[in-house]
Structures are given as C-alpha cells and as structure tokens.
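S.K.: My questions will all concern the structure given below.
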Amino acid sequence: MTSAPIPLKIGLHTKSRILELAYSETESYQLSSEYLRVYSPSPSAEVRGHGAGHEVLQTGKIDVTIDSIHPVGNYAIQPFFSDGHNSGIYSWSYLYELSCNQETKWQEYLTLLHKAGASRDPDVQVLSLK
C-alpha cells in the first residue's frame, strides 16, 4: 500500500477562503473552506453521522471560513471553522483524496443539495413546487 504524499506547503488564504496544498512545484491544489467543511472526516458525528448511511447533509456553509489550522502529530491537520466546527481531523491521505477528487465530490455534494431541496446559502430557503 502506498501512502499519500505529505504537503510540502500549506497556505491558508483567509480573504479567498482557500486552503492551498503544495505537494511539489508542479502539483498543488486549492480547496475552499466550504468544501472542506462539508466533507469533514470522522470522528465528526455532526457531518458523518454515526456510521455509513447516516451522513448528515451540510447546508448553508457558503460563507464558512477557516479561522486557524492546528497540526495533529505528523499525520494530519485540524481546521477550526468559523461556524464553531473543529472536530474533523484531516489526515494527509484524506486531504490528498479530497484534492484529487475535488470536481467529482463537489458535484456529488451539489446533487445531494438539489435532491434535498437545500441550499449552500444559509439565508436561502428552497421550496419544491411539484
């Protein structure tokens, strides 16, 4: 089993709400705070629920920011989000997975929001008129 690469540089861009992960001079990724928040990993029961099939769809997170990031040993980071969420531990392998699959995962999230009649904006209520 090959392990995921460890970022050489992690940059938090507070104005643009982007976490930048540089793995080499030619491989880097930009992940939005919202994307990271809605895909918060275990042990976050708030997002992942209490097991497979019990995930909780995160809505209204378009304006969330990352206030700070703390290292967790030599294997992960722990972002502290502006909405008070801070229980997600993002391992290097999970961050790399989120980075490499960002487009697909983001589209899956948008599809789930649409199916649930929910919004990324906390000030928008979506009504389904059938």
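The values are calculated or read from the model by the stated rules, or taken from the named source; none is laboratory data. Owing to the predicted nature of the structure, the values given are computational and were not obtained by experimental measurement. Don't worry about glycine lacking a Cβ; one is built from the backbone with ideal geometry, like all the others, and counts go over all protein chains shown.
S.K.: Considering segment 100-130 alone, what residues qualify as being closer than 14 Å to Leu57 by Cα, among the hydroxyl-bearing types (Ser, Thr, Tyr) and modelled with pLDDT of 95 or more?
M.R.: Tyr109, Thr111
S.K.: Right, something else. For segment 1-31, what are the residues that are without any contact (Cβ under 8 Å) to a residue 40 or more places away in the chain, over 19 Å from Pro71 (Cβ atoms) and charged (D, E, K, R)?
M.R.: Hits for segment 1-31 are Lys15, Glu25, Glu27.
S.K.: Check segment 89-102 and report whether any residue there is under 16 Å from Ser32 (Cβ atoms), among the aliphatic types (A, V, I, L, M) and buried (at least 17 other Cβ atoms within 10 Å of the Cβ).
M.R.: The answer is yes, given that some residue of segment 89-102 is under 16 Å from Ser32 (Cβ atoms), among the aliphatic types (A, V, I, L, M) and buried (at least 17 other Cβ atoms within 10 Å of the Cβ).
S.K.: Which residues, counting only those in segment 1-16, are surrounded by fewer than 19 Cβ atoms within 10 Å (Cβ to Cβ), touching a strand residue (DSSP E or B) at 6+ places or on another chain (Cβ under 9 Å) and not in a strand (DSSP E or B)?
M.R.: Ala4, Leu8, Thr14, Ser16 - these are the residues of segment 1-16 that are surrounded by fewer than 19 Cβ atoms within 10 Å (Cβ to Cβ), touching a strand residue (DSSP E or B) at 6+ places or on another chain (Cβ under 9 Å) and not in a strand (DSSP E or B).
S.K.: Next question, about the same structure. Determine, yes or no, whether Pro122 is loosely packed, with under 13 Cβ neighbours inside 10 Å and out of contact with any Leu (no Cβ under 6 Å at 6 or more places or on another chain).
M.R.: So Pro122 does not fit the description; no.
S.K.: Next question, about the same structure. Could you list, ordered by first residue, the pairs with Cβ atoms under 6 Å in which the first is in segment 75-87 and buried (at least 17 other Cβ atoms within 10 Å of the Cβ) and outside any loop (DSSP other than H, G, I, E, B) and the second is of a type in the set (Phe, Trp, Tyr) and at pLDDT 95 or above, at least 6 apart or interchain?
M.R.: Cβ pairs passing all conditions: Ala76/Tyr90; Ile77/Tyr90.
S.K.: Given (1) modelled with pLDDT of 95 or more; (2) exposed (fewer than 15 other Cβ atoms within 10 Å of the Cβ); (3) closer than 20 Å to Pro122 by Cα, where does Leu36 come up short, assuming only one miss?
M.R.: Checking Leu36 against (1) modelled with pLDDT of 95 or more; (2) exposed (fewer than 15 other Cβ atoms within 10 Å of the Cβ); (3) closer than 20 Å to Pro122 by Cα, the one that fails is (2).
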